[in-house]
Ligand code: COA
């Protein structure tokens with residue numbers, strides 16, 4: 001039995017913009033309500049997912065900020081923060097809250113552009129361990145660089161494999177008008193020219209700094225043929241410091257969340273037709289595929305090398321461009337993944353529509369595997 005239904009979705013473009021955080025939020029929420037054929041009067045509660053509103057722009061109490069966009073409407077509303085997994089956790093909470101509310105609006109929103117690089121890196125780093133990891137210089141690119149190094153040592157993964165992911169996701173983003181790098185054609189020479197950010201990760205292994213918002217209306221009941229059943233919703237967490245983990249080539253939180261989501265959906269990994277996974281760095285897409293059970297540990301590279309995860313392969317991964325090229329507006333990302341899967345499942349993805357889209361999955365990670373929210377959507381068997 002479905003956990004709930006996504007009855008409407010909306011999304012802004014991800015990428016730098018002069019629009020304020022409330023303007024981005026308003027654009028996405030209006031689009032989601034219109035898509036659902038509902039008005040705000042039909043909504044019973046809302047959840048705002050955001051990570052950097054406080055440190056980046058001194059803007060907190062975001063449930064009230066959103067209420068300010070809805071004059072005369074006084075709804076139960078609250079904010080969720082789980083670093084880069086804020087959006088996925090908000091979707092999970094919305095599903096849980098259907099025991100009380102009929103229609104819940106989930107809104108993910110973030111503004112990141114225009115913040116000086118060092119300050120932004122420090123603010124993003126708050127999602128990691130303050131006492132041990134950050135003190136040792138482990139900002140986010142450095143943390144994922146360690147994961148990449150360990151994966152290379154353990155399984156023989158190469159920088160060429162990382163490049164293939166970057167090229168694939170940039171190519172996919174060229175079909176997605178809402179992607180950060182929609183207008184950018186990326187070829188091998190661009191990748192070769194990229195500076196090293198944290199070895200072995202170079203510029204084109206990193207997601208960009210994006211602004212953006214995404215929204216979804218999640219309901220207890222299906223409204224019409226466009227309503228998408230959420231078959232499974234898994235959430236798990238892990239210790240924040242990498243020093244507290246024994247394995248650095250896999251995220252236990254992702255494995256646990258996937259197991260819960262698959263069990264609820266009554267499917268196995270092989271039943272998934274396509275996935276939007278959290279490729280904040282190219283290595284993260286490899287780890288995601290292995291944690292999701294798409295292959296054995298260490299075997300993701302053979303799928304990537306064989307084109308299996310390309311848009312015309314048998315298991316397309318990040319057909320939207322992913323975080324790498326679609327953009328990563330942190331608090332909005334998990335909801336943006338739901339937007340993408342819903343569009344694909346409805347056959348509304350335009351130029352990037354996949355040939356086979358019956359069961360889709362979202363995988364949204366906070367920190368370096370500290371939180372993971374996974375959703376399985378599509379036709380119930
Ligand atoms: N991939 C590809 N190109 C990128 C890019 C990325 N990640 N980031 C920036 N660029 C491009 C810009 O489009 C710009 O191109 P142009 O000159 O053709 O316009 C050029 O590089 C310079 O952009 P700039 O914004 O000055 O880059 P930067 O050096 O300040 O930032 C990074 C580059 C990698 C440091 C930044 O993108 C970053 O911090 N990414 C990671 C964000 C993050 O950690 N998120 C959370 C993950 S858990």
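The values are calculated or read from the model by the stated rules, or taken from the named source; none is laboratory data. No experiment lies behind these values; they were computed from the predicted model shown. Using ideal geometry, Cβ is built from the backbone for each residue, glycine included, and neighbour counts are taken over all protein chains shown.
Give me the pairs, please: first residue somewhere in the stretch 133-154 and under 25 Å from residue 301 (Cβ atoms), second residue anywhere and within 14 Å of the ligand (Cβ to nearest atom) and part of a helix (DSSP H, G or I), beta-carbon distance under 6 Å, and either six or more positions apart or on two chains.
From the stretch 133-154, the pairs are 140/124; 144/283; 147/283; 148/283.
Would you mind stating whether residue 148 is at pLDDT 95 or above and within 12 Å of the ligand (Cβ to nearest atom)?
Criteria not met by residue 148.
Here is a check on your reading of the model: is residue 234 in contact (Cβ under 8 Å) with a residue 12 or more places away in the chain and either within 16 Å of the ligand (Cβ to nearest atom) or within 17 Å of residue 334 (Cβ to Cβ) (or both)?
It is true that residue 234 is in contact (Cβ under 8 Å) with a residue 12 or more places away in the chain and either within 16 Å of the ligand (Cβ to nearest atom) or within 17 Å of residue 334 (Cβ to Cβ) (or both).
Only one of these conditions is not met by residue 222: (1) over 20 Å from residue 323 (Cα atoms); (2) away from the ligand (no atom under 13 Å from the Cβ); (3) touching a helix residue (DSSP H, G or I) at 6+ places or on another chain (Cβ under 9 Å); (4) in a loop (DSSP other than H, G, I, E, B). Which number is it?
(3)
Mind counting the residues in the stretch 175-199 that are more than 10 Å from the ligand (Cβ to nearest atom) and buried (at least 18 other Cβ atoms within 10 Å of the Cβ)?
So the answer is 4.
Out of everything in the stretch 127-140 that is surrounded by fewer than 20 Cβ atoms within 10 Å (Cβ to Cβ) and under 17 Å from residue 366 (Cβ atoms), what residue ends up being nearest to the ligand (Cβ to nearest atom)?
It comes out as 139.
Please verify whether residue 212 is away from the ligand (no atom under 16 Å from the Cβ), surrounded by 18 or more Cβ atoms within 10 Å (Cβ to Cβ) and within 30 Å of residue 100 (Cβ to Cβ), treating the condition exactly as stated.
Against the criterion (away from the ligand (no atom under 16 Å from the Cβ), surrounded by 18 or more Cβ atoms within 10 Å (Cβ to Cβ) and within 30 Å of residue 100 (Cβ to Cβ)), residue 212 does not qualify.
Can you list the helices (runs of 4 or more DSSP H) lying wholly within the stretch 241-332 that have 3 or more residues being closer than 24 Å to residue 348 by Cα and touching a residue at least 40 places away in the same chain (Cβ under 8 Å)?
Filter on the stretch 241-332 gives 322-326.
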